[in-house]
Structures are given as structure tokens and as C-alpha cells.
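One structure is given below, encoded as C-alpha cells.
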Amino acid sequence: MIRQLSTALLFSVLAGSVSFQSAFADQANLAARGQQLVLVCKGCHTLAKGEPHNIGPNLWNVVGRKVGAAAGFEYSEAFKQFEGRWTEDNLKHYLASPATFIPNNHMAFSGISSETDRSAVVAYLKTLTDGGPVVGASSSFDYGGLKEGVGREDVYSVCSRCHSIMLVKQQGMSRSRWTDTLVWMVEEQGMDELPSDQHERILDYLAKYYGG
């Protein structure tokens, strides 16, 4: 009887261990997807420990941080007046619609519609801390279906901040028209001017793969 109980207890412990390891692996893989999705964020935010702020604040240690409290970054009044911390739930709600969660903030990003993708981004953000969770092996990521080539990552990062990548893929414009479109985005739509090297990579890519 004792032997039977001991065996049952051993199987129970092993099953619990396997379940825990499986959940751990799932989170690591989710974080791996988030690491790729966060390319959109890198257009305005830095991620590594000690990096200077960009247009937006550095995101190291963001999970659990008080909203509007990254030292050395000048926040809008909307952020300064918001009471609360960047809990996982708050981050997911904010990523769904920044303009709705914190009205009148200055973040020019429409949001992430997929709940799974929001969870993936938050899973990755949780790794951005000393001793944080690990990131799993890179999973396949098609950059919204953009054709493979130099500049694809830049196009995905810049263009998906405000609209669907489908809008890019539907175009067939000459390099000069793509140039005019980028100028229009900066002058009329509030997009930040791109660094010259990134600007050229994006134009080269668009002209080559989505040119007319």
C-alpha cells in the first residue's frame, strides 16, 4: 500500500514538473514571437539596459514600472496625470489602443488588434529586466507578408506603426512616388523624419519589390 502511494505520488510530481516545463516553454516561445513583433516599437523606443531614450522612453524594466516614471524622459501631460503601473493587463489594454487607454497621449501608434500578439509583446517585455524570463528560439515570422530582402525589417518597423502592411503590398509606385509618399507622411501625417540610411533602405526596398 505504501509502495503504491509512493508510486502515485512520484507520478504526480513528475506530471506537475512536465506541466510546469511545458508552460515555461510556451512562455519562452511566446516571448520569441514578441521579440519579432516589437520591431514596431523599436522605431520609437530603445530596449536595452542603459540605452538613451528615443522619441519614446527606454523600455528596459517597463513591466511593473509606474506609468510616466522613466527617469530623464519628458512625458506628455496625459502620461503625467495617469495613476497606475505598467502591469501586464495595463500594457495589453494600452497596446490594443493607446489613444483610448490614455487619451491625448503623444504616441503615434494605432495599436495591435490581435490579443495573441499583444500577449506576445508583453511576454517579451517581461524579459527586459535583470534575471527576467528567457526568450525561446526564434519562430517563423513573415513580416506581414512582405517580400524577403534588404530593408524589409525597416519597412515593417516604420509602416506598421500606423497602418496595415497590406497597404504597402497593394501599391506599385515608382521610387519617386514612394519618396513623395514618405515626405507626405512626415509633413502631413506627423511621422517622424527617418535617419538618412534607413530612409534610403526603405526606398530601395519599396522601389525594388513594390515598384511600378
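The values are calculated or read from the model by the stated rules, or taken from the named source; none is laboratory data. Computed from a prediction, not measured in an experiment: that's the story for all the values here. Because the Cβ atoms are built from the backbone with ideal geometry, glycine has one as well, and the counts that use them run over all protein chains shown. Note: areas computed on protein heavy atoms with side chains; ligands, DNA, RNA excluded. Shrake-Rupley method; radii C 1.70, N 1.55, O 1.52, S 1.80 Å.
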Fill in: Point-to-point label distance, ASP192-VAL150, nm (Cα→Cβ direction, 7 Å offset)
2.5 nm
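Rounded if a/c is under 1.5, else prolate if a/b is larger than b/c, else oblate: which is segment 156-212, with a ≥ b ≥ c the root eigenvalues of its Cα gyration tensor? Write out the running numbers ahead of the final one.
On the way: a/c = 1.44, a/b = 1.19, b/c = 1.21.
It comes out rounded by the Cα gyration axes.
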Worksheet item: For SER110 and ALA28, what does the FRET efficiency come to when R0 = 30 Å and r is the distance between their Cβ atoms, rounded to the nearest 0.05?
Response: 0.55
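How would LYS208, LYS49, LYS147 rank on accessible area, largest to smallest, probe 1.4 Å?
Values: LYS208 150, LYS49 125, LYS147 105 Å².
Descending order: LYS208, LYS49, LYS147.
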Worksheet item: Magnitude of the Cβ-charge dipole of segment 59-134, K/R +1 and D/E -1, about the Cα centre, nearest 20 debye?
Response: 80 debye
Discussion item. Below 8 Å, C-alpha to C-alpha, sequence gap of six or more: please give me the relative contact order for the chain in percent.
Written reply: 23 percent
Worksheet, complete the sentence: Rounded to the nearest 10 Å², the accessible area of ARG33 using a 1.4 Å probe with every protein chain kept is 70 Å²
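Which shape class, rounded, prolate or oblate, goes with segment 84-212 when its Cα gyration tensor gives a ≥ b ≥ c as root eigenvalues, a/c under 1.5 marks rounded, and past that a/b bigger than b/c marks prolate? Present the calculation step by step, with values, prior to reporting the outcome.
Numbers: a/c = 2.27, a/b = 1.56, b/c = 1.46.
Prolate is the answer for segment 84-212, as a/c is 1.5 or above and a/b outweighs b/c.
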Response to the item:
Classified through the alpha carbon gyration tensor (a ≥ b ≥ c as square roots of its eigenvalues; rounded if a/c is under 1.5, else prolate when a/b is larger than b/c, else oblate), segment 35-97 comes out oblate
Worksheet, complete the sentence: Here, MET166 and SER76, labelled 7 Å along Cα→Cβ, have an inter-label distance in nm of 2.7 nm
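Tell me what the chain gives for mean residue ellipticity at 222 nm when only DSSP H runs of n ≥ 4 count, each as -39,500 (n - 2.57), the sum divided by the residue total, rounded to 500 deg cm²/dmol.
Estimated from H runs of four or more residues: -15500 deg cm²/dmol.
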Practice prompt. Any chance you could look up the accessible area of GLU74 with a 1.4 Å probe, heavy atoms only, rounded to 10 Å²?
Written response: 130 Å²
Item to complete: Report relative contact order for segment 86-212 in percent, whole number only (criteria: Cα-Cα under 8 Å, sequence separation at least 6).
Response: 22 percent
